[in-house]
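Colleague: Dropping a structure here in structure tokens format, bear with me for questions.
Just so you know, all these numbers are worked out from the coordinates, no wet-lab data involved. Not measured: the values here are computed from a predicted model.
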């Protein structure tokens, strides 16, 4: 396995995806790159300094690095600004020649139905490589 890309959003679901990617990379001598995409509203310039979002992204990336260190693995992290996360993740996978994208998904419901959101389906449709979705378990809190 060459390069593994793990997009993170600063949620609990990231942890499983990072652990999985690190385990796989260690076993196969691959590299793990972790990506946080700040989605910039169309009303703002793409390079707008959105301090709160930058801070959130940096926290998610340092959490990912700490988790990887516990697994005995060092990864590279990147903070990116884009209009939408899906296309940014796909572009990044192209640029890095990623062989695998591992995405952690929260278990969330919208209007009573489980929802994948917009990003995961976009990545599944357009990624140049394999995509593994790692959905968090259903719990009493997120089931209702």
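Colleague: Counting pairs of Cα atoms in segment 1-41, how many percent are more than 12 Å apart?
Modeller: Roughly 58 percent, rounded to a whole number.
Colleague: Given Cα pairs under 8 Å that are at least 6 residues apart, what percent is the relative contact order of the chain? Don't skip to the answer; put the middle values down first.
Modeller: Working: 263 pairs, mean separation 43.8, N = 144.
Worked out over the chain, it gives 30 percent.
Colleague: Using only the Cα atoms, work out Rg/Rh for segment 16-80, with Rh taken as the Kirkwood radius, to two decimals. Provide the component values of the computation, followed by the final result.
Modeller: Numbers: Rg = 14.0 Å, Rh = 12.9 Å.
My calculation puts Rg/Rh at 1.09.
Colleague: From the helices alone, meaning DSSP H stretches of at least four residues, give me the mean residue ellipticity at 222 nm for the chain, per-run term -39500 (n - 2.57), in deg cm²/dmol to the nearest 500. It would help to have the intermediate numbers written out before the result.
Modeller: Working: 5 runs with 61 residues, N = 144.
When only DSSP H runs of four or more count, the value is -13000 deg cm²/dmol.
Colleague: Can I get the semi-axes of the chain's equivalent ellipsoid? Compute them from the C-alpha gyration tensor as square roots of 5 times the eigenvalues, in angstrom, largest first.
Modeller: 22, 20, 16
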